[in-house]
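*Asks:* Can you keep this structure in mind? I'll have questions shortly.
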Amino acid sequence: DVKVTQSSRYLVKRTGEKVFLECVQDMDHENMFWYRQDPGLGLRLIYFSYDVKMKEKGDIPEGYSVSREKKERFSLILESASTNQTSMYLCASSPGPVKSQYFGPGTRLTVL
Amino acid sequence: EDQVTQSPEALRLQEGESSSLNCSYTVSGLRGLFWYRQDPGKGPEFLFTLYSAGEEKEKERLKATLTKKESFLHITAPKPEDSATYLCAVQPMEYGNKLVFGAGTILRVKS
């Protein structure tokens with residue numbers, strides 16, 4: 001079974017803090033993704049990576065950056081957290097195009 | 001613009017009452033259509049992938065079908081444990097690895 005783990009289930013941060021969310025997958029998947037999920041807006045893609053050190057912007061990259069130094073690990077960075085970044089953050093991995101994405105359990109981030 | 005619309009937004013069923021969820025999509029070319037189940041506070045769980053019109057996939061009480069413009073998730077004799085949000089996503093030809101998600105259908109099955 002594919003396993004995608006995220007570093008925290010719940011996180012509370014203050015406005016202006018730098019926030020790191022980590023995601024690790026154990027299936028040697030090429031592709032990894034970061035989404036945020038908000039009520040009424042569904043899942044929106046923030047960034048994705050199709051290889052180590054490669055990244056591409058998704059639909060809502062503003063205010064976020066990512067890092068992929070190793071194949072199994074994909075980090076999402078909020079450079080200066082703001083209240084409108086309060087959300088559920090979901091990481092996913094996939095072996096390639098037209099293959100399913102497998103999701104982690106999510107991190108519920110609250111920015112005060 | 002590629003778009004995915006799911007209906008209804010919410011559905012309440014009695015245990016054993018079969019029904020269908022709809023996912024209609026507008027894409028220039030479809031690589032694949034995916035169904036996921038999401039329980040409250042958890043990440044989506046993969047159910048099915050469909051690639052071409054006419055294709056069907058089954059798993060326990062769930063059956064997914066695909067036409068050129070929409071997909072249905074049929075739930076036969078549902079049980080309370082089938083209660084969840086069901087998400088549909090499409091992978092358009094020009095997007096490479098990206099998925100476009102619908103907003104989901106919230107299903108509640110009462111005993």
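*Asks:* From the list A:Ser87, A:Ser65, which one is modelled with pLDDT of 95 or more, among the small types (Gly, Ala, Ser) and open to solvent by 10 Å² or more (accessible area, probe 1.4 Å)?
*Replies:* A:Ser65
*Asks:* Mind checking whether some residue in segment A:51-59 is more than 14 Å from every other protein chain (Cβ to nearest Cβ) and modelled with pLDDT under 95?
*Replies:* yes
*Asks:* Could you grab the pairs with beta carbons closer than 6 Å, sequence gap of 6+ or different chains, first residue in segment B:21-35 and over 8 Å from B:Val4 (Cβ atoms) and assigned to a strand (DSSP E or B), second one open to solvent by less than 20 Å² (accessible area, probe 1.4 Å) and not hydrophobic (A, V, I, L, M, F, W, C)?
*Replies:* B:Leu21/B:Tyr86; B:Leu21/B:Thr105; B:Arg31/B:Gln91; B:Gly32/B:Thr49; B:Gly32/B:Gln91; B:Leu33/B:Ser71; B:Phe34/A:Ser100; B:Phe34/B:Thr49
*Asks:* Of the numbered conditions (1) exposed (fewer than 14 other Cβ atoms within 10 Å of the Cβ); (2) over 16 Å from B:Gln91 (Cα atoms), A:Gly96 fails exactly one; give the number of that condition.
*Replies:* Result: A:Gly96 passes all but (2).
*Asks:* Tally time: how many residues in segment B:32-91 are among the hydroxyl-bearing types (Ser, Thr, Tyr), within 11 Å of chain A (Cβ to nearest Cβ), open to solvent by less than 60 Å² (accessible area, probe 1.4 Å) and more than 19 Å from A:Leu41 (Cα to Cα)?
*Replies:* 1
*Asks:* While we're on this one: Tell me which residues, restricted to segment B:92-111, are part of a strand (DSSP E or B) and surrounded by 15 or more Cβ atoms within 10 Å (Cβ to Cβ).
*Replies:* B:Pro92, B:Val100, B:Phe101, B:Thr105, B:Ile106, B:Leu107, B:Val109
*Asks:* Which of the strands (runs of 3 or more DSSP E) contained wholly in segment B:44-87 include at least 3 residues that are under 19 Å from B:Pro8 (Cα atoms) and touching a strand residue (DSSP E or B) at 6+ places or on another chain (Cβ under 8 Å)?
*Replies:* Result: B:62-66, B:70-75.
*Asks:* For segment A:100-112, enumerate the residues that are outside any strand (DSSP E or B), facing chain B (nearest Cβ under 8 Å) and open to solvent by 30 Å² or more (accessible area, probe 1.4 Å).
*Replies:* Correct list: A:Pro105 only.
*Asks:* List the number of the failed condition for A:Leu43; all other conditions in (1) out of contact with any Cys (no Cβ under 9 Å at 6 or more places or on another chain); (2) part of a strand (DSSP E or B); (3) at pLDDT 95 or above hold.
*Replies:* Answer for A:Leu43: the failing condition is (3).
*Asks:* Scan segment B:45-57 and report the pairs whose first residue is free of Cβ contacts under 8 Å to residues at least 60 places away in the same chain and whose second residue is part of a loop (DSSP other than H, G, I, E, B), with Cβ atoms within less than 7 Å and a gap of 6+ or a chain change.
*Replies:* B:Phe46/A:Ser100; B:Thr49/A:Ser100; B:Ala53/B:Thr67; B:Ala53/B:Lys68
*Asks:* Kindly list, by first and then second residue, each pair from a residue in segment B:94-109 that is more than 7 Å from chain A (Cβ to nearest Cβ) to a residue that is basic (Lys, Arg), limited to pairs with Cβ atoms under 6 Å and residues at least 6 apart or on different chains.
*Replies:* B:Arg108/B:Arg12
*Asks:* Go through segment A:6-61 and count every residue that is hydrophobic (A, V, I, L, M, F, W, C) and within 19 Å of B:Ala103 (Cα to Cα).
*Replies:* Selection size over segment A:6-61: 7.
*Asks:* Another question, if that's okay. Could you list, in sequence order, all residues of segment A:61-95 that are in contact with an Asp or Glu (Cβ under 6 Å, 6 or more places away or on another chain) and either away from every other protein chain (no Cβ under 14 Å) or not in a strand (DSSP E or B) (or both)?
*Replies:* Hits for segment A:61-95 are A:Ser75, A:Ala81.
*Asks:* Please find, within segment A:9-50, the residue that is farthest from the other protein chains (Cβ to nearest Cβ) out of those that are among the aliphatic types (A, V, I, L, M) and open to solvent by 50 Å² or more (accessible area, probe 1.4 Å).
*Replies:* Only one residue tops the list, namely A:Val12.
The values are calculated or read from the model by the stated rules, or taken from the named source; none is laboratory data. This one's a predicted model, so the numbers in the text were calculated from it and none came from an experiment. All Cβ positions, even for glycine, are placed from backbone atoms using ideal geometry, and neighbour counts span all protein chains on display. Side chains are part of the model used for accessible areas, which takes the heavy atoms of the whole protein and leaves out ligands, DNA and RNA. Shrake-Rupley method; radii C 1.70, N 1.55, O 1.52, S 1.80 Å.
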